[in-house]
Amino acid sequence: MAAVAVLALGTLSSCGSNDDAAKVAAIVVENPVVRSIDSASYKNEKTGKFMTGSFMTITNNGDQDVTLVGGSSPIAGIVEIHEVIDGMMQPMANGLVIPAGESVKLRMGGYHVMLLELDGEIKAGEETEVTLRFSDGTEQTITAPVKDIAMDDEVYGADGGM
Amino acid sequence: MNYRKLAIGALSVVVGGGIFATATMVDLKKDPAIGSVVEPFYGVHQNGIEIDRQANATVIAFDINEGIDSAAVARLMRLWTNDSAELTAGKPIIGDPQIEMAENPARLTILVGYGYSLFQKTGIADKWPIAEKAIPGYQIERLEKRWSDGDLVVQITGDNPQSIFHAALVLARDAEPFATVRWQQRGFLDPAGINTTQVSRNLMGQLDGTANKPIATKEFSDITWAKEGALKDGTTMVVRRIRIAVKAWDKLSTNNKGVALGRSLDNGAKLESQSASSHVTRTFTSGATGIMRRGFNYDDNYLADGTRDAGLIFISFQAKLKNYLDIQAKLNEVDDLNRWTTPVGSALFIVPQGAIPGSYIGQIFFS
């Protein structure tokens, strides 16, 4: 898995007891993808900017909950964490909790990382970087392939859900 | 390997159930053991070669699209590596709109190989790791372009045609920006559960694969896996589509069928007086000069002239391609079976070493 990134949580390893490294919690991001954008994709008519979603599996191997609070990407002006409720996408103000010892799937029609304010198209076959920011202040950067992904079960808001 | 033991265990359970069922009544209860058995994806070698017999195969050759360079091939390999690791584990890939289709992998394996044309087109011909670039033409062939060659090959094998179909769909979907399907061939053998041996009958009724070395032996490794260079722990792969004149063969007596083959049809035993031109005599090899055969039967539509398009997808793996070429040259000279068999497709690929988590298939060539 080329895109697996393992991040030791600095806060846990640097404070508290000096236990061996095996106890250090780790967030593992697997199989990230970014949905491609073409001229048929949603475009904010006011700003002329595009938007798209990124999906992945995030596993928290630590013994404390960690929250995915936001992120950044060289291709996007804004990165937010979103969920879909009753087919309508909306930002998660408090972020997405990754419970200790569990995996959370970010997928179409569910939780996802929203990339907003993209200047141009990104095409299937390319790769792009996405940096995820967690509640403990740590970040990790993943390289995600861009894919064409069917997505008919969620609706962007009238103003693009922003 | 634990997985392998699990697979063998699962199969023996089915045999027991089958015997019981015939003695009492037909029992169509689902056996969850077959569907849920998972083969490892990551490993020194790509899986799908040194493995207990699998019942079904889909082999797809792709040609890369205009403008695809070596870096783009690396991106495709990263995609396919991730996809394959998930699919073979029975998990849907992220973004798959048909997640239910990934259930019941049933020993699904996926392996990837490359043709010389891929190295040529992407400007890395100097990295091609073997001397031979193609299989030479033989008089006995009637090759058709639609079954021959290709830049990339994917061999998808397992015991569940459904999960194989789905894997083929996913891999071809993710390949779209990079490559276009050139040909696809589907093959089959006895299903898991009704045949737990390593050999199966081809469409001529012959037991196929009797000369293969047992897996997990030094003999198997010596014949199959390259030991040095960029192809280390990989191998060469020959895919031949052999059309069988099933109608004419069907009219031959059992005795004459055996004479042409050089073995008894029912149990595969060598005939006491084997003809010098019989198939088995012509293909006999000793020591590490052999090949690892993996044939699958195919039975497709009738051709325009009324011929039934049925036969054998001959797949062989060999550390040294010369071992295959020597056998093929002998068959081209004389083989009693040539009267009923015609090669209509031919392709040569190299199969790189396996991937480990964090790496991807073919990294040694395309990074």
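Structure notes:
- Pairs of Cα atoms nearer than 8 Å and 6+ residues apart set the relative contact order; for segment B:70-113 it is 31 percent.
- Working from Cα pairs under 8 Å separated by at least six residues, relative contact order for chain B is 25 percent.
- Rounded to the nearest 20 debye, dipole of the protein assembly as shown from Cβ charges on Lys, Arg, Asp, Glu: 2440
- Relative exposure of A:Glu127, B:Glu228, B:Glu86, B:Glu176, judged by other C-beta atoms within 10 Å (fewest first): B:Glu228, B:Glu176, A:Glu127, B:Glu86
- Volume per residue that the Cα convex hull of the protein assembly as shown spans, once the total is divided by residue count, Å³: 193
- Between the C-alpha center of segment A:39-86 and that of segment B:213-252 there is a gap of 48 Å.
- Loop-located trypsin sites (Lys or Arg not before Pro) in segment A:23-70, at most 13 other Cβ atoms within 10 Å (DSSP): A:Lys46
- Ranked A:Glu126, B:Glu144, B:Glu100, A:Glu80, criterion: other C-beta atoms within 10 Å, fewest first: B:Glu100, B:Glu144, A:Glu126, A:Glu80
- Antiparallel DSSP beta bridges within segment A:5-147, as percent of all bridges there, nearest 5: 95
- Chymotrypsin sites (Phe, Trp or Tyr not before Pro) restricted to segment A:28-106 and DSSP loop, no more than 16 other C-beta within 10 Å: A:Tyr42
- Most mobile of B:Leu348, B:Leu87, B:Leu265 in a GNM of chain B (Cα contacts under 10 Å): B:Leu265
- Exercise: per-residue mean of other protein chain Cβ atoms within 10 Å, B:86-93: 1
- Average beta-carbon neighbours from other chains, 10 Å sphere, peptide B:352-359: 2
- Hydrodynamic estimate: the Kirkwood radius of chain B over Cα pairs, inserted into Stokes-Einstein at 10 °C and 1.306 mPa s, corresponds to D of 75 µm²/s.
- Helices assigned as whole DSSP H runs in chain B whose Cα atoms extend at least 18 Å along their own long axis and whose mean Kyte-Doolittle hydropathy is 1.0 or higher are found at B:2-23.
- Taken residue by residue and averaged, Cβ atoms of other chains lying within 10 Å of the Cβ of B:175-184 number 2.
- As a proxy for reagent exposure, A:Ile98, B:Ile361 were ordered by neighbouring Cβ count within 10 angstrom, fewest first; the result is A:Ile98, B:Ile361.
- Value of [θ]222 nm, deg cm²/dmol, for chain B, DSSP H segments ≥ 4, -39500 (n - 2.57) each, nearest 500: -8500 deg cm²/dmol
- Cα gyration tensor shape of segment A:5-147, rounded if a/c is under 1.5, else prolate or oblate by comparing a/b with b/c: prolate
- Projecting the Cα atoms of B:Tyr114, B:Pro136, B:Ala85 onto the dipole axis of segment B:66-212, where Lys and Arg carry +1 and Asp and Glu carry -1 at the beta carbon, places B:Pro136 farthest toward the positive end.
Computed from the coordinates by the stated procedures, all read-outs in this text should not be read as laboratory data. What you see is a predicted model, and the numbers here were worked out from it, not measured in a lab. Quick reminder, even Gly has a Cβ in these numbers, built from the backbone with ideal geometry, and neighbours come from all protein chains shown.
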